[in-house]
Amino acid sequence: MDFRFYGGVDEIGGNRIEVSCNGDGIFLDFGMRFNIEELYFDEFLQPRSFNGLGDLMELGALPRIRGVYREDQVRYLGMKFEEEPAVSGVLLSHPHLDHAGCLRYIRHDIPFYMMEESFLILKALDETSQGGGEFLHYKPKFHFSEKKTRSGGTTHKRDKIKMERQLRILKPYRKSEAGEFSITPAPVDHSVPGSCAYLIESEEAIVYTGDIRFKGRRDHESRKFVKKARKFSPNILITEGTRIDQDNSTFEEDIERRTADIASHHRGLVIVNYPIRDLDRFLTFYLAARNSDRTLAVSLKQAYIIRLFEDLGYPPLSDLAVYMPRKTWGLIGEDASVCFDGEWIPAADLPEEYIVQDYRGWERQFLELDNIITYRDLQEEPGEYLFQCDYFDFKEFIDIKPEGAAYIKSKTEPFNEEMEIDAERESNWLRHFGIAQYRRFHSSGHAGRSDLVEMILDVEPEAIYPIHTRNREEFMIFKEEGIRVLDPVMEK
């Protein structure tokens, strides 16, 4: 067995681990290395769309590996394209970008293995992201065809080719094959649906935790995984260690209770900011709203995700309010006037087709709902709602005018300079509108020290590879328990 680490070594995220056996291989995740990309890129300085693969390789954010990347990107760079893929699949532990973000560069004939919930989250990213995520399918670049013009000349037009990826949707604890490897997904508790560990059989028995915690709403899944992993008797455990140096944890139920208490005693609007793909956190605020006689009002992107997950036991969209923002032309709202055929009229009197055209294709489905609200509703009845609003949507405050509102931030605290700058700008908005801030309403998606130690001792592997951590030395305590601690070596 051979293990090659192309990310996740002495860093948080960026997991890209190649496991090889008998001339075959698989990747465990293929994520973005944020610590590298943040050295060179920001919101407005991004890898070039035509040369994304080449830009990231040049800067060390993607490894140079043969037989893994898309043909269009490889051939454009003048590199040799291998006719056969180098691995038999990519096993996705969960759809966070530090584990899934670079799947867009993988060739279409390498299958992606994942849980159904991970597929749905990637579908949402593909449909709602600007430019599309290219996780489930992609349109190859640099394809042209001859086209005659009316003048008799010729031009070149890019072919409209759509490459569908090979997807293998897995069932919990049901074994599947990926080349030389037998793989069994084990659902675990983390801060996004579809999170799983993997039990992998080949020449050796391998367990890969992905990201895991034991203090969320699905902690029973993590505990079941530990029992199954122990019975599996692994030779190697590849484990995350994000919080091996910490032991403080907050339960989702604590956030729910504290939010409901604030919402029950506050007369005005209560604004909440949480990661929209964390559906356990969504459920926390949904329950807090219900327990304080409010309705949770969600963004269009959150509504899209909820609609995808309605058949998987989550609250239906009809139990929520869907906030419809004013878009490019700002046609929703009683205040707007427009010039139509030379006459100024209320925007509300425009034919419906004009309002529909102001929204992207995936957004238009929500215009027909009975439970959509606008800034007017939040102005007139602020005490009726718990309003989900991301930092990048704070400009909605200009319409809503939420003076005296309460703001609950349920995201990780800033841990780098760029996040500190965003946090200061966030505070400026809140101060301007006189909004009270409530912080530390966050529960980590990663196990703390005591839970990690208990997990590893219970699983009893022969050896461990600590990854997804900046504190690898903390794992040396397991040597005293007869467990070998192996050093993952970062491939150049």
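Read the figures in this text as sums done on the coordinates, not as results from a lab. Worth saying up front: this structure is predicted, and the values here are computed from it rather than measured. Virtual Cβ from ideal backbone geometry, glycine too; neighbours counted across all protein chains shown.
Out of the trypsin sites (Lys or Arg not before Pro) in the range 80-133, which ones are loop residues according to DSSP with at most 13 other C-beta atoms within 10 Å? Before the final figure, lay out the partial values.
Values: sites: LYS80, ARG104, ARG107, LYS123; in loops: LYS80, ARG107.
Hits after loop and neighbour filter: LYS80.
Could you pull out the longest piece of the chain with no exposed loop chymotrypsin sites (Phe, Trp or Tyr not before Pro) in it, calling a site exposed if DSSP puts it outside H, G, I, E, B and it has at most 13 other Cβ atoms within 10 Å? List each step's numbers first, then the result.
Working: sites that count: PHE44, PHE142, PHE415.
Longest run free of exposed loop sites: 143-414.
With a sphere of radius 11 Å drawn around the Cβ of ASP55, what net charge do the other residues whose Cβ falls strictly inside it have (Lys, Arg +1; Asp, Glu -1)?
Values: positive: ARG48; negative: GLU37, GLU58.
Summing Lys and Arg as +1 and Asp and Glu as -1 gives -1.
Out of all Cα-Cα pairs in the range 189-265, roughly what percent, to the nearest whole number, are more than 15 Å apart? Mind showing how you got there, number by number?
Working: 1870 of 2926 pairs.
Of all Cα-Cα distances in the range 189-265, 64 percent exceed 15 Å.
Restricting to the chain, what percent of DSSP beta bridges are antiparallel, rounded to 5?
50
Relative contact order for the range 1-155: what percent, with Cα pairs under 8 Å and sequence separation of 6 or more?
Details: 236 pairs, mean separation 30.8, N = 155.
Across the range 1-155, relative contact order equals 20 percent.
Along each of the three principal axes of the Cα atoms of the range 252-438, give the extent in whole Å, ordering the values from largest to smallest.
Over the range 252-438, Cα extents along the principal axes are 56, 41, 33 Å.
Can you spot the lysines whose alpha carbon is less than 19 Å from LYS231's alpha carbon? Ignore those fewer than 8 places along the same chain.
Qualifying lysines at Cα under 19 Å: LYS175.
Based on other C-beta atoms within 10 Å, arrange LEU279, LEU199, LEU350 from fewest to most.
Details: LEU279 26, LEU199 21, LEU350 16.
Ordered by Cβ neighbours within 10 Å, fewest first: LEU350, LEU199, LEU279.
Estimate the FRET efficiency between ASP341 and THR250 by the formula 1/(1 + (r/R0)^6), using the beta-carbon distance for r and 60 Å for R0, to the nearest 0.05. It would help to have the intermediate numbers written out before the result.
Working: r = 58 Å, r/R0 = 0.96.
It comes to 0.55.
Full extension from PHE81 to ALA463: what is 0.36 nm times the residue separation minus their Cα-Cα distance, to one decimal in nm?
Result: 133.9 nm gained on full extension.
Give me the percent of DSSP beta bridges within the range 4-162 that run antiparallel, rounded to the nearest 5.
Numbers: 13 of 17 bridges.
The answer is about 75 percent antiparallel.
For the range 252-438, what is the percent of antiparallel DSSP beta bridges, rounded to the nearest 5? Walk me through the numbers before you get to the answer.
Details: 4 of 21 bridges.
About 20 percent, rounded to the nearest 5.
In whole Å, what is the distance between the alpha-carbon centres of the range 264-307 and the range 431-464?
When both Cα centres are located, 21 Å separates them.
Which net charge results when you count Lys and Arg as +1 and Asp and Glu as -1 among the other residues whose beta-carbon is under 11 Å from that of SER299? Display every interim value, and only then the final one.
Working: positive: LYS301; negative: GLU363, ASP390, ASP393, GLU396.
With Lys, Arg at +1 and Asp, Glu at -1, the neighbours total -3.
Based only on Cα atoms, what mean projected area does the convex hull of the range 231-292 have, in nm²? Could you put the intermediate results ahead of the total?
On the way: hull surface 27.9 nm².
Averaged projected hull area, Cα only: 7.0 nm².
Once you have the Cα-Cα distance between ASP349 and LEU59, take 0.36 nm times their residue separation minus that, and quote the gain in nm to one decimal.
On the way: separation 290, 0.36 × 290 = 104.40 nm, distance 5.31 nm.
Extra length from ASP349 to LEU59 when fully extended: 99.1 nm.
If you add up the charges near THR250, with Lys and Arg at +1 and Asp and Glu at -1, over every other residue whose beta carbon is less than 10 angstrom from its beta carbon, what do you get?
Details: positive: LYS215, ARG258, ARG440; negative: GLU252, GLU253, ASP254.
Net local charge, THR250 excluded: 0.
When only Cα pairs under 8 Å and 6 or more residues apart are kept, what is the percent relative contact order across the chain? Please list the in-between numbers first.
Details: 975 pairs, mean separation 81.9, N = 492.
It comes to 17 percent, rounded to a whole number.
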